[in-house]
Structures are given as structure tokens and as C-alpha cells.
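One structure below.
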Amino acid sequence: MILSFTSVFNLFIAFFVALISFSPNGVLAQSTGTLSGYVTDARTGEPLFGANVGLEGTTRGASTNADGFYEIRNIEPGTYTVVATFIGYETQRRNNINVRSAGNRDINFELIPTTGQLEEVVVTVSEPFIAPPENPVSFRRLSPEEISTYPAGNSDIAKVVQSLPGVSGSVTGFRNDVIIRGGAPNENVYFLDGIEIPTINHFSTQGSAGGPAGLLNVAFFEGVELSTSAFSASAGNALSGVLRFNQRNGNDREFRTSFRVGASEAALTTEGPLFKGDNTFSNTTFIASVRRSYLQLLFQLIDLPFLPDYWDYQYKVDHRFNSRNQISLTGVGSIDDFRINVPRDISPDRQAILDQVPVIQQRTNTTGLSWQHRLSDGLGITRTSLSRSWFYNDFSRYRDNENQDGLFSRNRANEWRKTLRNETTFFRERSTISAGASARVNIFRNNFFDDNAGVVFDTDLTFLSYGGFVQWSAERLSDRFDLTAGLRFDGNTFTDSGNEIYRTLSPRAALTVNLDEAGQWRAVVSAGRYFKKPPLNLLGYKENGEFVNRNTRYIRSDHLTGGFNFFPRQSTKISVEGFLKLYDDYPVSIREGVSLANLGGGFEVLGNDAVESAGRGRTYGAEFLVQQTLATNYYAILAYTLFRSEFTGFDRGLYLPSAWDSRHLLTFTGGYQIGSRWEFSLRTRLLGRTPFAPIDEERSIETYPAFVFDYNRLGNERLRPFNATDIRVDRKWNFRNFSLDVYLEIQNLFSQNTPSEPSYLLQNGQNPELVRVDQLSESTILPTIGIILDF
């Protein structure tokens, strides 16, 4: 049976209405919740005995015991602001903390000691707006609550960050790219508890990023931090963005389980103490999850030509020796299969997709062991980690996908990264100094051929890359000024100039000026130079048995950013930022004559090509942000970015619009809560006209089902503006021993047409020709029902 989208939509609505109508007597008398956690000194890690933690606007609160532990009981379910205070320390607030009858995570505080004062100091802005001293500009922080309730986000961090200024996603295709300020998707790096991970998406593009769905479980997150410029010197290999995922520890007192069913997968998460015995607490905890997609079942139900099928897993084990020493074992991985499904109803649009989609098998795994040691007397912290990541990509193209016959291209690659990293931070009265180094063994093996391009090679490449940095940050140099400065270098043993580390010296600095005594008005400015090593599959490319890209250089990007922040109240921020990024030594494809900055936004393999480090680029623009955190019963983010993104090929003076040059980016995200049972949220986004490279029809007849693109015409044609609105409605119940959240999401509420590049189908005959066909389901309304069960 094949169901239409209208039938599926009506079934979803009927099922959701039936669920929210379910209201047994036990639910009407809601159970209360408990909130707990630890309060420690941010520098020494020692527990703070007698610190006060309370729910703002209520009389509920508690003091910490000798272990720094607090517990607030008999809380009416709802959303609160949690405040922690202690004499001689800065007061901290946590907004939008959702208290349920079960499944509440620990809310921990690391309080910062004040300088030469006994009284407590109240911070004038809310926690989401506080930037680290080494990254005071272009910095955003997201809480687990913001991520989990984001409309149409499906708890996917790559989708959630697209609500922030300067961040967009791919317009066309089944993609999940993170495009920051007009830079390519592969210009970002990702850290999970300080351990770099190669990708955050299933079915990602090798050498780039993207993919249709995220592979990280947001139930693990203590918070997510995004930097879009002014990166700390500790983060190497980033040109556009740094995403840091900070995981929480498992519960150290009792076992807990959460089950979630979302738009594309079901997730089971469990956590608790290990080796607890008869003790109240355990020094060893775990949190682990497994997720299974059912997207392939939905796609088969509506008769689509491809079936994305995936698993992922994530875990973290912590052991605390004492207040100064802790070790953590972290792991995350995925199993992905992108298969062909022959539709029962072969329309021209389905036939085009059936002909052209690749067959993909991917496997990823990252495992890391880290040790955190606090120096005596609170002088500093040192973190050492040893990690191993693996990425396997089997990417195949067939002339006949239906029978998987006529294999004309295959990329079967393995990437391993084995990394040793150390970072030490020293605390002084009003400043910090951080220094560190890393060494990585890179192993790349690939068996590749492409009949259309006439390329065949087999690669086995191993080399060492390394880097080091120092960063100094000073707060309150005077009553008005904060300053940070850093220096980094990177090198490798493979490329011709890889060991010439003077070429990659990358200084950076940022200044913050408080324009008034209350700290409501602030000016920020930063400048820095950043480098990125070309991707492994580009370095491993061979012609005639030789590595032809050994002469490539690190890609360089110089940033200049400045702006103003205004905080009319603790929960509100208004900011304006201008930015300029200047690129040099960008790889340019010799075969196509196009900068690799324009590639990586589709299901392909980026980098199997000979290149020269000849390209330049520039992106520049301005961002405007108004953000209201949830302080009462509503929250909102309004962000607008006006920008340009241009890159050159071999003609270094000819700048052309890049594939990410959509010029305008407008997003609004907001939510409203009614009591503790209902929450309504909405997201709407507008993206300007995005350029695309049209195909060369004459050459593509010979290479079909692969296409040859005419990159000389990139920027001459653009897609229609993209606009979509998504809504979400949550209904929550709180039972004695478990809590339940049922939500309805509707994506593309107003059935807006999704802009798409022209699609073609080859008609064979005496004179073969490419025929343009209409795209599949350009204006579909997509409903989803989700269930979250905590116990």
C-alpha cells in the first residue's frame, strides 16, 4: 500500500489528538519533582560547603553539604531560573531549567571566586550571554532545554544552530550542512569533551561535512558552544566555526532511563552509578545510549527511491579519584547504509532520483580517554587526552541502480586519526594563561576509480601532524577593559612545506570595552589569522602512482570582527556585529578550475582531484541579533545576516559568487509556555537566492547518471528564495515515577515550495538527450509525532 502525504498528515493529527486527550485521574494530581546537583570552586574543584541554591521567584531552595551537594524537593513541575550564591564568589544563574517528576538532570555550578571581595557579586547578564575570556566575540551558548524543544530540530544540533546569526544550512537536497558566514561546510571543527570528532552527521560527505541527520544524542549535553570567529588558539584546523559539545556525567546516586521517539529515530538512554555498593554516592558513573532510525520505513511507505538506514551509539564513563583528579572514557559511533528502493510507481521524478543516487555504506567511531588534573592551591588545570577516530566510506555509483549493474565509480576509503593532546591553564588573580600541544598520526587508505574521469589509484598514506599554542586572557585590566591574545602554529610531515611552521604562525587578539559602569553596553573587536590542513583524501590523491598534491599549503583565513552588545536586562541581548574574512591558498581543482570552497554540499566525495593552492576568497557582512531567554514563560531569537561570499579560481583577481552566497539570512525562533503542561514553539527562516552551477548538458549525456557541472557559470543562475515555517506543540504529564512528553511537529506549515536545482533524466534513443523533470514533493507539509519518556 502506498500512502499519500495528505493521508499520512491526517493520520498524524488524529493520533496526536487522541494522545493529548488521554488524561487519567492520576495525571490530574501532578507529582512534584526534585532538583539536585553540585556546587564547586571553578578553579580548585573543591566542594563549596554552605552555598545557597534556590529557584528564583519562589521560596524553594537548599544549601550544599560538605560534598557540595544540594537537593531541592517537592517542586511543582515547570520551568525555573536556578540561582547559586556563595560569599566571595560570583552569583550564577541557569535559565529555562525544566523540572519534571522524573528524569531531571543534575544542575551543577562551578562558581568563580571574586577578587579581593568578601561579598557575593551578582553578574549583570544571563548565563547564555556570558562568553569565555578567550572568545569574547561571535560566541553563542545553547542549553539542553533549547536544543530538545527546538521546532523541527528533532534534537539535532546541526539544525538547532541554524537559528543563530550567520549560520545557515543547505537549501537543496537531503542535507544537514552547517554553513557559517559564507564559508564552506568543511571549515568547521567539532570537539566532544575536548576530543575532536571527524563528523557530527550520518552519511556525511567525505572531505567535507553535512549529511541528512545528526549522530550525537543531545541527552548527553551539559551545553553546546559555538564560535563563529575569534577562536581560541587551542582550536586548530578551523576557518569558519568551532562547535564544542560538553557532556554531562551520569547520575551518581541512582539508575535512570529515557526513551525518545522522534521524527526519524528511536533512542534509548540509560545512566547511573557503578560500584556504588551501600554508599550514598559513587565515584564512578556512566551514561550510554543507542539510537535506531526508522526513516527507511517511512520512505518505503511513501515509495521514495532511496532508503537511509542508520544506527548510532554514544557512551561516557567517569571516575573521580578526588577533587583534583578525574578520568573519562568517551565514545561515539555510527553504522550507516544508504540503499536503493525501486518505487512501485515510477514517475519521471522518481526515475531521475533512482538513476542518480549513490549507494553508501559508512562506519564511524571515535574513542577517547582523558585525564583532568587540578594543580594544587587552585593554580590551574591540566587536561590530557588520547583518542582514536575512524571513518569508513564505501561510495558507489552504478549505470543501472535498479539492478546495481554497471559500476562506474567507487570510493572505498578508511581514515584513522590517533591524537595525543595536552592543555594546561594557569590561573592568576585577574588573568589566565593557557598553553598546549598536540600530535596526531594520520592514516589514509583508499581504493578509488572513476571511469568518467579516467582516474584509478590505490593509496596507503601515513604521516604526522602537530601543533602548539599559547593564549593569555585578562579580565578587568581596568574597570572597563578585557583583553585576550594568542598564538598558534601547525605542521605536518607530508606536504612539501609542512614542517616550515613559520608559515602557519597564527596570531589573534580580542578587546572588550564596557561602555558604562553597569556593563549593559559593550564594544568588542577581534582580529586573527587561522589555518586549516587540506582534507586527507585530497592529500592522498594519486596520479600515475604519485601523490600529486604534496605541494598544497595550509588554507589561510584572516578575520576582522567588531560589534556592540546591549543588555537591557539580564535575560535580553541585542547585538550588532560586522565581519570580514579573507582567504588565501585555497585549493583549486585543476580538472574543473573551481575553488574547493564551492564544493562539499552534496552527496559526493570531496578531494579526489589534483589541485593547486592558488585560490583566494572573501566573505563579509553584518549580523543583527535580538535574543530573549526564557525568564518567565516565553523566549525568542530574531537574527538577520546580510553578507557576501566570493572566491576565485586560478585568476586570483576575479572574484565570483560562491555556492554559499545567498546574501540574506533571516531566522526567528520563539516559544511560549502555558503552565507546566503545554509549550508552543515556532521557527521561521528566510534564505536569499543561492547560486548554483548549471550542468553541462552535452558532456553530461556521456557521463550520466553522473553530471558534469559548468563552474564558469556559477553565480549566473540562482535558486528562488527559500522560506519555511515549522511549529511544535508539546503536551507534558508528570506521574509519580515517570514523566511523559508527547509533541507534534509540523515542518513547512504553509506548504512553501523548496527551491531546487533543475533535475534531468536521460532519454536514450538515436539521439540521446537530457530532459528536465519536475522535482519530487517540493512543497510537502511534513508532520511528526514524538514521545519522550523519562523514568
Inset, instruction - Filter the range 570-601 down to the residues that are under 22 Å from Phe650 (Cα atoms) and of a type in the set (D, E, K, R), then identify the one that is most open to solvent (accessible area, probe 1.4 Å). - result: Arg591
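Residue-wise test of (1) among the polar types (S, T, N, Q); (2) at pLDDT 85 or above; (3) in contact with a His (Cβ under 8 Å, 6 or more places away or on another chain).
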residue	(1), (2), (3)
Leu111	no, yes, no
Thr114	yes, no, no
Val121	no, no, no
Val125	no, no, no
Pro133	no, no, no
Phe139	no, yes, no
Legend entry - Glu265 among the acidic types (Asp, Glu) and open to solvent by less than 30 Å² (accessible area, probe 1.4 Å): yes
Inset, instruction - Could you please give the count of residues in the range 424-455 that are assigned to a strand (DSSP E or B), in contact with a Lys or Arg (Cβ under 8 Å, 6 or more places away or on another chain) and within 16 Å of Leu483 (Cα to Cα)? - result: 1
Legend entry - Any hit, the range 12-24, residues being at pLDDT 85 or above and outside any strand (DSSP E or B): no
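Only one residue in Thr561, Thr484, Thr512, Thr495 is under 28 Å from Ser645 (Cβ atoms), in contact with a Lys or Arg (Cβ under 8 Å, 6 or more places away or on another chain), among the β-branched types (Val, Ile, Thr) and assigned to a strand (DSSP E or B), so which one is that?
Among Thr561, Thr484, Thr512, Thr495, only Thr512 is under 28 Å from Ser645 (Cβ atoms), in contact with a Lys or Arg (Cβ under 8 Å, 6 or more places away or on another chain), among the β-branched types (Val, Ile, Thr) and assigned to a strand (DSSP E or B).
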Legend entry - Condition broken by Thr199, with the remaining ones in (1) surrounded by 22 or more Cβ atoms within 10 Å (Cβ to Cβ); (2) touching a Leu at 6+ places or on another chain (Cβ under 9 Å); (3) over 30 Å from Gly578 (Cα atoms); (4) of a type outside the set (Lys, Arg) satisfied: (3)
Inset, instruction - Say whether the condition of being modelled with pLDDT of 95 or more, part of a loop (DSSP other than H, G, I, E, B) and not charged (D, E, K, R) is met by at least one residue in the range 570-588. - result: no
Inset, instruction - Quick one: Pro343 ticks every box in (1) at pLDDT below 90; (2) of a type outside the set (Lys, Arg); (3) open to solvent by 60 Å² or more (accessible area, probe 1.4 Å) except a single one, so which number is it? - result: (3)
Inset, instruction - Output the residues belonging to the range 70-96 that are over 27 Å from Tyr150 (Cβ atoms) and either open to solvent by 20 Å² or more (accessible area, probe 1.4 Å) or of a type in the set (Asp, Glu) (or both). - result: Glu71, Arg73, Asn74, Thr85, Phe86, Ile87, Tyr89, Glu90
Legend entry - Complete set of residues in the range 25-35 that are modelled with pLDDT under 85 and either within 29 Å of the chain's Cα centre (by Cα) or surrounded by 14 or more Cβ atoms within 10 Å (Cβ to Cβ) (or both): Val27, Gln30, Ser31
Legend entry - Filter result for Tyr398 (more than 26 Å from Asp337 (Cα to Cα), outside any loop (DSSP other than H, G, I, E, B) and either in contact with a helix residue (DSSP H, G or I) (Cβ under 6 Å, 6 or more places away or on another chain) or open to solvent by 30 Å² or more (accessible area, probe 1.4 Å) (or both)): no
Legend entry - Search result, residues across the range 33-84 that are aliphatic (A, V, I, L, M) and either within 17 Å of Thr280 (Cα to Cα) or part of a strand (DSSP E or B) (or both): Leu35, Val39, Val53, Leu55, Ala62, Ala66, Ile72, Ile75, Val82, Val83, Ala84
Legend entry - Residues of the range 401-429 satisfying the condition of being open to solvent by 50 Å² or more (accessible area, probe 1.4 Å) and over 32 Å from the mean Cα position of the chain (by Cα): Glu402, Asn403, Gln404, Asp405, Leu407, Arg428, Glu429
Inset, instruction - Go through (1) modelled with pLDDT of 90 or more; (2) over 20 Å from Ser370 (Cβ atoms) one by one and return the number of the condition Gly173 breaks. - result: (1)
Inset, instruction - Kindly indicate the residue of the range 36-59 that is out of contact with any Ser or Thr (no Cβ under 6 Å at 6 or more places or on another chain) and among the β-branched types (Val, Ile, Thr) and also most open to solvent (accessible area, probe 1.4 Å) among those meeting that condition. - result: Thr59
Legend entry - Scope the range 364-381; condition within 26 Å of the chain's Cα centre (by Cα) and buried (at least 16 other Cβ atoms within 10 Å of the Cβ); matching residues: Thr364, Asn365, Thr366, Thr367, Gly368, Leu369, Ser370, Gln372
Inset, instruction - Output the residues belonging to the range 723-763 that are under 30 Å from Glu698 (Cα atoms) and in contact (Cβ under 8 Å) with a residue 24 or more places away in the chain. - result: Asn753, Thr754, Pro755, Ser756, Glu757, Pro758, Ser759, Tyr760, Leu761, Leu762
Inset, instruction - Can you tell me which residue within the range 286-303, out of those that are touching a Pro at 6+ places or on another chain (Cβ under 9 Å) and open to solvent by less than 10 Å² (accessible area, probe 1.4 Å), is nearest to Asp730 (Cα to Cα)? - result: Ser293
Inset, instruction - Would you mind stating whether Ala352 is more than 31 Å from the chain's Cα centre (by Cα) and buried (at least 19 other Cβ atoms within 10 Å of the Cβ)? - result: yes
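Name the single residue that is nearest to the chain's Cα centre (by Cα) among those in the range 733-774 being among the β-branched types (Val, Ile, Thr), assigned to a strand (DSSP E or B) and buried (at least 18 other Cβ atoms within 10 Å of the Cβ). I'd like the intermediate steps shown before the answer.
Going through the range 733-774, the residues among the β-branched types (Val, Ile, Thr) turn out to be 742, 746, 754, 771, 773.
Adding the requirement that they be assigned to a strand (DSSP E or B) leaves 742, 746, 771, 773.
Remaining after also requiring buried (at least 18 other Cβ atoms within 10 Å of the Cβ): 742, 746.
Numbers: Val742: 25, Ile746: 22 Å.
Only one residue tops the list, namely Ile746.
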Inset, instruction - With the condition kept exactly as written, say whether any residue in the range 664-671 is part of a loop (DSSP other than H, G, I, E, B), within 25 Å of Thr561 (Cα to Cα) and out of contact with any Asp or Glu (no Cβ under 6 Å at 6 or more places or on another chain). - result: no
Legend entry - Residues of the range 430-447 that turn out to be modelled with pLDDT under 95 and either in contact with a Leu (Cβ under 6 Å, 6 or more places away or on another chain) or open to solvent by less than 40 Å² (accessible area, probe 1.4 Å) (or both), as a count: 2
Legend entry - Residue among Glu196, Glu134 that is part of a loop (DSSP other than H, G, I, E, B) and more than 26 Å from Ile788 (Cα to Cα): Glu134
Inset, instruction - Can you confirm whether the range 530-544 contains a residue that is modelled with pLDDT under 95, surrounded by fewer than 15 Cβ atoms within 10 Å (Cβ to Cβ) and not in a strand (DSSP E or B)? - result: yes
Inset, instruction - Considering only the range 606-626, state which residues are buried (at least 22 other Cβ atoms within 10 Å of the Cβ) and in a strand (DSSP E or B). - result: Val611, Gly615, Arg616, Gly617, Thr619, Glu623
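The values are calculated or read from the model by the stated rules, or taken from the named source; none is laboratory data. Since we're looking at a predicted model, the values are computed, not measured. Don't worry about glycine lacking a Cβ; one is built from the backbone with ideal geometry, like all the others, and counts go over all protein chains shown. Accessible surface is based on the protein model in full, side chains and every heavy atom, while ligands, DNA and RNA are left aside. Shrake-Rupley method; radii C 1.70, N 1.55, O 1.52, S 1.80 Å.
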